[in-house]
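The values are calculated or read from the model by the stated rules, or taken from the named source; none is laboratory data. This is a predicted model, so every value here is computed, not measured. Cβ atoms come from the backbone with ideal geometry, glycine included; neighbour counts cover every protein chain shown.
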Amino acid sequence: MEQIRHQYNDGNGRLLYTVVKFPNKEFRRLRQDQNGKEHWNWDGIKQVPYRWPDIKDHRAVIFVEGEKDVDNLHSIDLVATTIAGGSNAWSPLLKKQPDFPEKYFSGFDQVFIIPDNDEAGRKFAQETGEHIREFVSKVWIVNLPNLDKGGDISDVLSTIPEGKRKNEILGLIDNNKTPFVMESADLDLSKSWNFDNLNVDEFLTESEKSETVNDIKEVHEKIISQLRGVSWSGNTANATCPSHEDKRPSLSVTLEEDKILMRCHQGCDIRTICESLGVKVSELFVKRSVELKHHQKTHVVVPKAEDMKELCSSLIKNEEPDEFDDTHIPPILRDHVREACELTEASSAIIYGTSLSCLGAHAGTRLTIQPPNYFIPLYGNLWCLSISESGSFKTTALNAGSARLRDREEKLIYEVRDIESRIDSLRSSGMQDGEDELMESLNELERYRSMRRVLPNKASWEACIDRIDETGGGVWLLSEFGAWLATLETVHNRGFRQHLTELYDVPAYFEDVTRTRGSKILRHPFVSISGVSTLEFLQGLLGKDDAGSGFLARFLLFKPPTTDNIPNALPQKNTKIQELHSYRLLSEIYNQLDNISVPLEYSLSADAQKLFEDFHNDMFSRFQDSNEGTKSILDPFLKRWSPNVLKSAILFQYLLDSETQTISDSAIMGGISLSLYAEKCTRYLFDRELGESVHQNKQRKVIEYVAVRGGAVTRRQLLASRILDGGYSEYDYVITSLEESGRVHMERTEGKIVASSRIILMEQKK
């Protein structure tokens, strides 16, 4: 296949990685190891701006969204750059490299951001401008005129005669540049709303000072009781602003020890907000004695900047995986998941895992890879487990991913009940001429029962086997995987976990023997699983030893990223998942699968085979470079990631082209991306999460949070992060233990910890 390659080099011109564009517009990433060998991943790579050696010594640069645009601008002697991944890559980049803006943009006097003409371009301009503005003397936004939707600078260049392109583009930039300004929701309105660095004496008039109150909590309760759409994040309430027509919550209210902080993100003045609530501005402050007129902070010896930077760098390791990159997922599924995410605010990783588990369960044994195309028969039954924080819409995501199957299941349940009722009536009537109708109803009942795919969560092993025997198989949808796992340990269900492990490979012959009913033989029983759980719940049930058992290793483990975003109080779209166009398209796929009478056997195309072999070899190569502790944990998983690529590729190929039984390179790339994400999440979970106590886990997360933010954060920032979701009591416990161990220093004001008190990293005790 013809490829377009864009090479990213360090300041010395050494090749770091390559972005490869294929004819089907797919992008893949290559890194080069020390031996010059190429790998289809970015493991261990620090990103740099595109064409960095060409731009680093200049004082001004044009920032665009794609490598093609950069190359076109350089062809006319203009200095330009971008980052790999385009408009959606900025936020994920900063999570991994928070110092990127300072490191690469502080040398420029001017940056001209030229976005594409679409919503993603507007977002790109805002995000990049916001983060680089403090390091650049002047940041400009250049919105090019007369662009079609989605148009870019290259489209403009194509309309200009070759000899005039440079001057024309410079003229367009000069005529259409505007100074970067943050959007209203992100404006720094500190002078009008935030009292963090002000006291009573500095903010209130002389007459107002005498009106300050003694019971600040009473005032806070009065304010909260009048607000609409209240939701909480840490110690901050979010609600609709009473002083303007607010379609979504834009007001934040935070109670501190000596004041109430209020902010309207749309810019309403604090006095206007207070007037709307029927409180005085002075009531937002506690009465103070004369001697407490001014804040005096205790002296803290903060590590030097260079020492703090080194300290922070040493503490930021194995960062939490980003959200799943769905670039290579078939459009029909990708569109559905993205739309579902927008409606529910749930994690895409959970929705993808659930969607594929349900699709695989519905397909059953009708889609397969058989020897000699692989060592053993493979089917599309996938086991997916997502580990996420409390309150992160795990169950919502599970329901979104299984919506199509659950809707079908609900209809089948009602059909079965109606038929059972009809059968009871026929039997009770005793009419001889009803025999034919009775037999017809019994056959219909069997057919409808066999179509059910959702397996019961609260049932004994015997009951589950009966259902699998009746239907051929199905899927467990587990909103609390940990609780379900605990039932597998009871005496009544002894052997459940081991039996379930045997079903993973869809054996041709499976015999279950019990004392009460004797032997039951199942042919090709298939089982999919999609579960979600919290780390806290699983830590008590799972350990490193469970990985070696083989049960947990059969799961694709996902760890969606933790977010500090405040969730919407109400849905932003008056739409149901069932009303989405993508949902209807997915329903057609389910209907097509129902009509398959003879199993479809798949084989790999030459390109797909090459990609799969490269992935397999690269994965085992990286495994060999791991330490012995990591090897012992990952070994059982390693043996499953490759076949899981093929299992998911079967489903992806059917979504791409239901008429073709040759797995394409596109389908394989979808499977590879899923397994690579699972690998990254698995390493993170066992290295950082499941191998720690809950308290150790919280301490480490606090340390990392502070390190990422330069070595010091305020008490308010930490509470708002939701890392310590147990509130003030957990905060005091964790911070006290960190302080006692000398890992942080808690800055105090007048001997007290207030909202603006900083938590400062200290050198770790050996």
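Couple of notes before you dig in:
- Boolean, Ser91 is more than 23 Å from Asp54 (Cα to Cα), outside the structural domain of His6 (by TED's automatic domain parsing) and not in a strand (DSSP E or B): yes
- Only one of Pro98, Pro115 that is assigned to a loop (DSSP other than H, G, I, E, B), assigned by TED's automatic domain parsing to the domain that holds Arg133 and touching a strand residue (DSSP E or B) at 6+ places or on another chain (Cβ under 9 Å): Pro115
- Against the numbered list (1) within 41 Å of the chain's Cα centre (by Cα); (2) surrounded by 14 or more Cβ atoms within 10 Å (Cβ to Cβ); (3) touching a residue at least 24 places away in the same chain (Cβ under 8 Å), Ala459 comes up short only at (3).
- Candidates in segment 208-220 are the residues that are of a type in the set (Asp, Glu) and surrounded by 12 or more Cβ atoms within 10 Å (Cβ to Cβ); of these, the one that is nearest to Asp258 (Cα to Cα) is Glu211.
- Qualifying residue in segment 350-366 (condition: of a type in the set (A, V, I, L, M, F, W, C), over 23 Å from the mean Cα position of the chain (by Cα) and buried (at least 20 other Cβ atoms within 10 Å of the Cβ)): yes
- Filtered residue count, segment 605-619, keeping only those that are loosely packed, with under 14 Cβ neighbours inside 10 Å and of a type outside the set (Lys, Arg): 3
- Filter pass, Lys559 being surrounded by fewer than 19 Cβ atoms within 10 Å (Cβ to Cβ) and modelled with pLDDT of 85 or more: no
Conditions (1) within 20 Å of Asn41 (Cα to Cα); (2) out of contact with any His (no Cβ under 7 Å at 6 or more places or on another chain); (3) modelled with pLDDT of 95 or more; (4) not assigned by TED's automatic domain parsing to the domain that holds Ser582, marked per residue:
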| site | (1), (2), (3), (4) |
| --- | --- |
| Asp625 | yes, yes, no, yes |
| Thr630 | yes, yes, no, yes |
| Pro636 | no, yes, no, yes |
| Thr662 | no, yes, yes, yes |
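- In segment 116-138, the residues that are over 19 Å from Asp69 (Cα atoms) form Cβ pairs under 7 Å with partners that are in a loop (DSSP other than H, G, I, E, B) and among the polar types (S, T, N, Q), at six or more places apart or across chains, as follows: Phe135/Ser106.
- Selection within segment 471-485: residues that are outside any strand (DSSP E or B) and modelled with pLDDT of 90 or more. The member of this set that is farthest from His499 (Cα to Cα) is Thr471.
- Residue in segment 457-470 that is nearest to Arg523 (Cα to Cα), counting only those that are aliphatic (A, V, I, L, M) and in a helix (DSSP H, G or I): Ile468
- Residue within segment 384-396 that is among the aromatic types (Phe, Trp, Tyr) and not in a helix (DSSP H, G or I) present: yes
Yes or no, residue by residue, for (1) assigned to a loop (DSSP other than H, G, I, E, B); (2) more than 33 Å from the chain's Cα centre (by Cα); (3) not hydroxyl-bearing (Ser, Thr, Tyr):
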site	(1), (2), (3)
Ile141	no, no, yes
Asn146	yes, yes, yes
Asp155	no, yes, yes
Gly163	no, yes, yes
Lys166	no, yes, yes
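- When residues of segment 575-625 are limited to those that are assigned to a helix (DSSP H, G or I) and β-branched (Val, Ile, Thr), the one nearest to Arg28 (Cα to Cα): Ile589
- Applying the criterion of being charged (D, E, K, R) and more than 17 Å from Val79 (Cα to Cα) to the residues of segment 132-153, the residue that is surrounded by the most Cβ atoms within 10 Å (Cβ to Cβ) is Arg133.
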